[in-house]
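**Student:** My questions all concern the structure below.
The values are calculated or read from the model by the stated rules, or taken from the named source; none is laboratory data. The structure displayed is predicted, hence computed values, not measured ones. When we count neighbours, we look across all protein chains shown, and the Cβ atoms used for this are built from the backbone with ideal geometry, even at glycine. Protein only, heavy atoms only, side chains kept; ligands, DNA and RNA dropped before computing areas. Shrake-Rupley method; radii C 1.70, N 1.55, O 1.52, S 1.80 Å.
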Amino acid sequence: MERLPTGTDAVHGGSRGSVSFADAEGSAPAVRTPEGAPVARRQPDVEPVAMRQPDDAPVAMRQPDVEPAPQNAPTAPSRSGPFAHHAVALPIVQTSTFAFRDTADLRRFMAGDDPDPDRHEYARNGNPTTRAVELRVAALDGAEDALLFPSGMSAITTSVLGLVKAGDHVVLFRDAYRKTRTFVGKTLARFGIEHTLVEPGDLDALERAFRPRTRLVVTECPTNPYLRCVDLERLAKICRAARARSLVDATFATPMNARPLALGIDLVAHSATKYLAGHNDVLGGTVAGSTALVSLVRELRTEMGAVLDPHAAALVGRGIKTLALRVARQNETALAVARAVSDHAQVERVYYPMLESHPDHAIARAQLRGGGGVVSFVVRGGREAAARAVDRFRLATIAASLGGTETLVEPHALLSYADLDDAALAEAGIAPGLIRLSVGVEETGDVVRDVLQALSGA
Ligand code: PLP
């Protein structure tokens, strides 16, 4: 069974500079700080605490494939920072290009013989701040390598483009994030790449959708907004048998709740805008996987220029330090909200994977460690009733997005799908009365009370 980095190593970065998952296994070359000085390898100082399911029953871990992401937050500060000038926090290296002492130095770098493996020569190819955060993302996702992007969409589109070519065929689940769906359905079609949509969670339909030129299957975990969960282990097997790649957008799960790579998935992406950065103040995206696949995507990223600014990378890195704490609270609060609205007179239906009423509850229990911070529910009375309820929220803010410290509420038919009339909404599978709530890190009781008082006026 794979050994996982602890929260101190992977979430916080510990007192080591760049930490990869391989480092935690003890098999990688010497760990280096961004400025290239080797750092002594040390054993993680904090053992992971046992994670509990929402109902507080101990998690029955399926061995060996559903291994937890590092859950424990750092308990002790490191004695000295691992970074330049002994900084404890990750320095922001604000430069567009990097200097060489002389041509001998330059030649050594170009020949790949530079003693500093983390040295860069131009910021579109790499930056030490960004790279340090990429290695933390790799550790969190249990990947050999990871990349940062300026947004989640840029991570997804660049990865997809890196994996397919004209004449290929892609399979996507119908409830994919809207922009992912239009990218695969419309933009890829312009380049001669066809696609098939299959119903959420239907792996038999997925198998039937395969064609000789099917090269990629894209899914989310859980999906937006109905939080559908597909059996990722079976999906990965189906893809491998057909020699197709699998890409999972695990934005909603975060590395705290799901580890798709450990289930055999090839690439995992996150909109870092959401939980990873976690403060509703920056856009970002990540992709993680094997060295070979990530290198392929990196080449395309360099061509497309889809690089994240080091300031934004540092904000993502800072967010990651508290990811375990935030997601634990968000799992707890979202489950409390889901339970509280389950039998509410104004609520037609609730969608939360850790509720027994959810269609994918069994697979969620087997493959997720928590249901995440999003609860979707449909209020009786359609669009106008949803609008009335949303207007009554006091703690939650009406806004798109999710996964941040502030609770956000979205009347789906009036925001993400505002351009669709009722017929088109029905076609897209969106109930007019759908409200998507992304819980923040406020007190659980306050969030629950806010939802209940808002519904009382729906
Ligand atoms: N994937 C999912 C599941 C999302 O919800 C979003 C945005 O809401 C994205 C990807 C796109 O991320 P970004 O807005 O960072 O481009």
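**Student:** Can you tell which of Gly162, Gly167 is touching a Gly at 6+ places or on another chain (Cβ under 9 Å) and not charged (D, E, K, R)? Explain how you work it out, then say what you get.
**Tutor:** Numbers: Gly162 fails: touching a Gly at 6+ places or on another chain (Cβ under 9 Å).
Within the list Gly162, Gly167, the selection yields Gly167.
**Student:** Just wondering, is there one or more residues in the stretch 359-366 that are in a loop (DSSP other than H, G, I, E, B), in the same structural domain as Leu420 (by TED's automatic domain parsing) and of a type in the set (Asp, Glu)?
**Tutor:** Yes, the stretch 359-366 has at least one match.
**Student:** Is it true that Val327 is among the β-branched types (Val, Ile, Thr), out of contact with any Gly (no Cβ under 6 Å at 6 or more places or on another chain) and not in a loop (DSSP other than H, G, I, E, B)? Working first, answer last.
**Tutor:** Numbers: among the β-branched types (Val, Ile, Thr): yes; out of contact with any Gly (no Cβ under 6 Å at 6 or more places or on another chain): yes; not in a loop (DSSP other than H, G, I, E, B): yes.
Here the answer is yes, as Val327 does meet what is asked.
Condition check ((1) on the phi > 0 side of the Ramachandran plot; (2) modelled with pLDDT of 95 or more; (3) within 16 Å of the ligand (Cβ to nearest atom); (4) touching a helix residue (DSSP H, G or I) at 6+ places or on another chain (Cβ under 7 Å)) across all residues:
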{"site": "Gln63", "(1), (2), (3), (4)": "no, no, no, no"}
{"site": "Pro68", "(1), (2), (3), (4)": "no, no, no, no"}
{"site": "Arg79", "(1), (2), (3), (4)": "no, no, no, no"}
{"site": "Ala84", "(1), (2), (3), (4)": "no, no, no, no"}
{"site": "Thr97", "(1), (2), (3), (4)": "no, yes, no, no"}
{"site": "Arg131", "(1), (2), (3), (4)": "no, yes, no, no"}
{"site": "Leu148", "(1), (2), (3), (4)": "no, yes, yes, yes"}
{"site": "Gly152", "(1), (2), (3), (4)": "no, yes, yes, no"}
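**Student:** OK, next. Could you run through the stretch 251-276 and say how many residues are part of a helix (DSSP H, G or I), within 16 Å of the ligand (Cβ to nearest atom) and among the hydrophobic types (A, V, I, L, M, F, W, C)?
**Tutor:** First, the residues of the stretch 251-276 that are part of a helix (DSSP H, G or I): 254-257, 260-263.
Imposing the further condition that a residue be within 16 Å of the ligand (Cβ to nearest atom) reduces the set to 254-257, 260.
Imposing the further condition that a residue be among the hydrophobic types (A, V, I, L, M, F, W, C) reduces the set to 256.
Summing the residues that are part of a helix (DSSP H, G or I), within 16 Å of the ligand (Cβ to nearest atom) and among the hydrophobic types (A, V, I, L, M, F, W, C) in the stretch 251-276 gives 1.
**Student:** Another question about this same structure. Mind checking which residues of the stretch 103-129 are touching a residue at least 24 places away in the same chain (Cβ under 8 Å), part of a helix (DSSP H, G or I) and open to solvent by 10 Å² or more (accessible area, probe 1.4 Å)? Show your work before the answer.
**Tutor:** Let us first name the residues in the stretch 103-129 that are touching a residue at least 24 places away in the same chain (Cβ under 8 Å), namely 115-119, 121-125, 127-129.
Those still in the list that are part of a helix (DSSP H, G or I) too: 128-129.
The one that is touching a residue at least 24 places away in the same chain (Cβ under 8 Å), part of a helix (DSSP H, G or I) and open to solvent by 10 Å² or more (accessible area, probe 1.4 Å): Pro128.
**Student:** Sort out which residues of the stretch 296-349 are under 30 Å from Arg380 (Cα atoms), polar (S, T, N, Q) and either crowded, with 21+ Cβ neighbours inside 10 Å or outside the structural domain of Asp450 (by TED's automatic domain parsing) (or both), and write them in order of number.
**Tutor:** Gln330, Asn331, Thr333
**Student:** Among strands (runs of 3 or more DSSP E) lying entirely in the stretch 142-234, which contain 1 or more residues that are surrounded by fewer than 23 Cβ atoms within 10 Å (Cβ to Cβ)?
**Tutor:** In the stretch 142-234, 169-173, 194-198, 214-220 are the strands (runs of 3 or more DSSP E) which contain 1 or more residues that are surrounded by fewer than 23 Cβ atoms within 10 Å (Cβ to Cβ).
**Student:** Among the hydroxyl-bearing types (Ser, Thr, Tyr), modelled with pLDDT of 95 or more and under 30 Å from Ser438 (Cα atoms) - does that describe any residue in the stretch 232-248? Full working, then the answer.
**Tutor:** So in the stretch 232-248, the residues among the hydroxyl-bearing types (Ser, Thr, Tyr) come out as 246.
Next, only the ones that are modelled with pLDDT of 95 or more stay: 246.
The next check asks that each one be under 30 Å from Ser438 (Cα atoms); those that pass are 246.
Yes, the stretch 232-248 contains at least one residue that is among the hydroxyl-bearing types (Ser, Thr, Tyr), modelled with pLDDT of 95 or more and under 30 Å from Ser438 (Cα atoms).
**Student:** Among residues belonging to the stretch 235-250 that are in contact with a helix residue (DSSP H, G or I) (Cβ under 7 Å, 6 or more places away or on another chain) and open to solvent by less than 10 Å² (accessible area, probe 1.4 Å), point out the one that is nearest to the ligand (Cβ to nearest atom). Quick ask: steps written out before the conclusion?
**Tutor:** In the first step, residues of the stretch 235-250 are kept if they are in contact with a helix residue (DSSP H, G or I) (Cβ under 7 Å, 6 or more places away or on another chain); the result is 235-236, 238, 245-250.
Cutting the leftovers down to open to solvent by less than 10 Å² (accessible area, probe 1.4 Å) gives us 235-236, 246-248, 250.
Values: Leu235: 17, Ala236: 19, Ser246: 16, Leu247: 11, Val248: 10, Ala250: 9 Å.
The qualifying residue nearest to the ligand (Cβ to nearest atom) is Ala250.
**Student:** For the stretch 277-289, check the following and say yes or no: at least one residue is away from the ligand (no atom under 16 Å from the Cβ), out of contact with any His (no Cβ under 9 Å at 6 or more places or on another chain) and open to solvent by less than 30 Å² (accessible area, probe 1.4 Å).
**Tutor:** Yes: the stretch 277-289 contains one or more residues that are away from the ligand (no atom under 16 Å from the Cβ), out of contact with any His (no Cβ under 9 Å at 6 or more places or on another chain) and open to solvent by less than 30 Å² (accessible area, probe 1.4 Å).
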